[in-house]
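For reference, the structure discussed in these notes is given below.
The values are calculated or read from the model by the stated rules, or taken from the named source; none is laboratory data. Please read all numbers here as calculations on a predicted model, not as lab measurements. Ideal geometry is used to build each Cβ from the backbone, glycine not excepted, and the neighbour counts take in all protein chains shown. Side chains are part of the model used for accessible areas, which takes the heavy atoms of the whole protein and leaves out ligands, DNA and RNA. Shrake-Rupley method; radii C 1.70, N 1.55, O 1.52, S 1.80 Å.
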Amino acid sequence: MPNKTSHSRPTVYWIIGMFTLLTGPIALGQATIHQQSFKCGEREGILCTEQLDSAGYEYIGHDEPSLLFYSNSPGSGSNNVYRLRLPKDPPTLPISDGSGGTWNFQLHPAFWFGIAMCDSQSYPEYTHNCQAGSDNNIYDNPNPASARYIGKHPGTAFMEMQFYPPGWVNVSFDPTHWTAALNIDSLSQDGNTGQLNNAACQNYGVEYVNFALIQIDGAPSGPPNPFQRNGNTFTPNANTLLMNPGDELVVTEENTAHGLKITIKDLTTGQSGFMVASAQNGFGQILWDPNGTDCNPVTHNVAYDFHPMYATSSEHTRVPWAAHTYNIAFSDEIGHFEYCDQVNPDGSCAFSRAESVDADDQGCADAATSASFGFLAIGGCTGTDVDFDGVPYKNAWPGTLTDRSLDRLLHAEPVIFSSPLFRDGSGKMRDYQRVAFEADLPRIEQFTSPPCQRHVSNPADPSPGAGCTNPPTGADFYPIYTTRVTDDGPCRWQLGGANLPHTQKKFGGTSAAEYGSLLETVYSGGPGGLPTTRSNNFRRVLNENPCPAQED
């Protein structure tokens, strides 16, 4: 059975203790909420990979400050091992008027470790062949006449090994424990013409997700693929790995004969769980059938073993349809919590004591709804915060206050993790050689004043780069990565402000300094079928790994 040890703060449990026994119908209702989180064409689709553009629907995007890991050694693109400490929440409860503490669920509905994956039915649809774990899959030439033109890239998906904080109904899968899931995002779109899959298949999502909670026995709680998934898919059961705030974990990502395997070993409780992205476990693709008239699961649910795409990890190993340029990466999912006291029938916010209500206050739940599912009695919204005025853009992160005692009283602990190690061709565990900081702010700054002009060529904005700012307009703060070293351990990364205990390197100490300058990235599928260039990110590449996982 999963470890059931609770937080050590009894002040929390007078609120949620009455609701710890969820009934079947309530659990199913919560699963429906989480299904919405993976509907990538909706405002509530907060747990999907960021695309270079919206593929024919309302989806705006979301904010993902990321740390990328590079190595030219074979093996670095297909297997790795991280150490991770799950952050604790502060002793001060959050309050809907904004006067309380800030918990993890308010800063990030998830954070994750990522890998680019082969997917023969995903963008760009030029070829349905993908040689797993090979740099032969690198196609990033901007010339359409080149044999290595990016539009000829093998089909690609992105795996996000996501971790979900406890506490609130629209974010958490458990009221008091962290949970985790292997999920893989695919895109049913022709990367050269823009054509989408047939209308019937679009009902399952243009961008769609395979999702499976990490389980002690490795058996999915429900079918992972988009055709068959149901309420059980998103509902923890007796075999779901539940983890306590503060637990120390080892997270292993490795390729196997039948797909990527994720293993989480909880060093604190001694428990472990795993999941394999295999056809046997119910993972699958949506058949690319753009001229078809139906999407019958019998013919269009393609059982599939998902394998890592590349042998190495570098600036050249990326997902050609994603806004970000990463392969091996850590990313935080931020910009998805604003306070709300009253919710309209359509899920938008009607009234908030903490802030003015605006058009991006979507995907909301009030305090009573959250409490009815066994979570904290606080109201909020998880729609993309396009004006950057919500909790994640305030001085609410760990390390944003110079008074460390007050900071710990009001703010959650930071996510603390190691650089990954990978096993090379000789079986030796090795460090990644270089890192990069990357923030996809330009991709989502279309509603700031002035808006970001991210289109460089085909099409081109009048003044490419104008209005693209870091931190974004409207934000009081934007989180940064720093390193920490203590007397009893090796170097670790942490995310938050510049005033965290044990901080060693700050990389400039501000988001503008850390994430660097605008990055111009070439994609296929511009007007006329020619390549297009966008500035979707700020990126700064270091010529070293300043925080190796292995001590010299």
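Okay, here's what the table says:
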item: Share of carbon and sulfur in the accessible heavy-atom surface of the range 82-141 [1.4 Å probe, %]; result: 38 percent
item: Portion, in percent, of the accessible area of the range 354-509 that falls on carbon or sulfur, probe 1.4 Å; result: 52 percent
item: Shape of the range 380-425, Cα gyration tensor, a/c cut at 1.5; result: oblate
item: Where N is the number of residues in the range 429-489, Cα Rg divided by 2.2 N^0.38 Å; result: 1.64
item: Among 542-548, 419-425, 491-497, the order from most to least packed when residues are scored by Cβ within 10 Å on average; result: 491-497, 419-425, 542-548
item: Rounded Å value of the spacing that divides the Cα centres of the range 155-193 and the range 473-544; result: 21 Å
item: Anisotropy class of the range 425-552 from Cα gyration tensor, a/c 1.5 cut; result: oblate
item: Positive dipole terminus of the chain, leading residue within Thr156, Asn197, Pro345 (C-beta point charges); result: Thr156
item: Virtual paramagnetic centre 7 Å along Cα→Cβ of Gln550, amide N under 12 Å, in the range 62-105; result: none
item: Computed FRET value (nearest 0.05) for Ser146 with Val541, which takes r as the C-beta separation and R₀ as 22 Å; result: 0.35
item: Residues of the chain: accessible area per residue with a 1.4 Å probe, Å²; result: 34 Å²
item: Whether the range 279-351 is rounded, prolate or oblate, judged on the alpha carbon gyration tensor where a/c under 1.5 counts as rounded; result: oblate
item: Relative compactness, the range 94-205, computed as alpha-carbon Rg over 2.2 N^0.38 Å; result: 1.47
item: Histogram of C-alpha separations across the range 274-318, 10 Å bin width, %; result: 24, 32, 32, 13, 0
item: Centroid-to-centroid separation of the range 214-229 and the range 365-408 [C-alpha atoms, Å]; result: 30 Å
item: Thr486/Glu254 FRET efficiency (R0 30 Å; Cβ-Cβ; nearest 0.05); result: 0.55
item: Whole-number D in µm²/s for the range 395-455 (Stokes-Einstein; Kirkwood sum over Cα pairs; 4 °C, 1.567 mPa s); result: 80 µm²/s
item: Fraction of accessible area attributable to carbon and sulfur, the range 192-334 (%, probe 1.4 Å); result: 48 percent
item: For the range 305-452, alpha-carbon Rg over 2.2 N^0.38 Å; result: 1.37
item: Kirkwood hydrodynamic radius over Cα pairs of the range 191-328, then Stokes diffusion coefficient at 25 °C and 0.890 mPa s, in µm²/s; result: 145 µm²/s
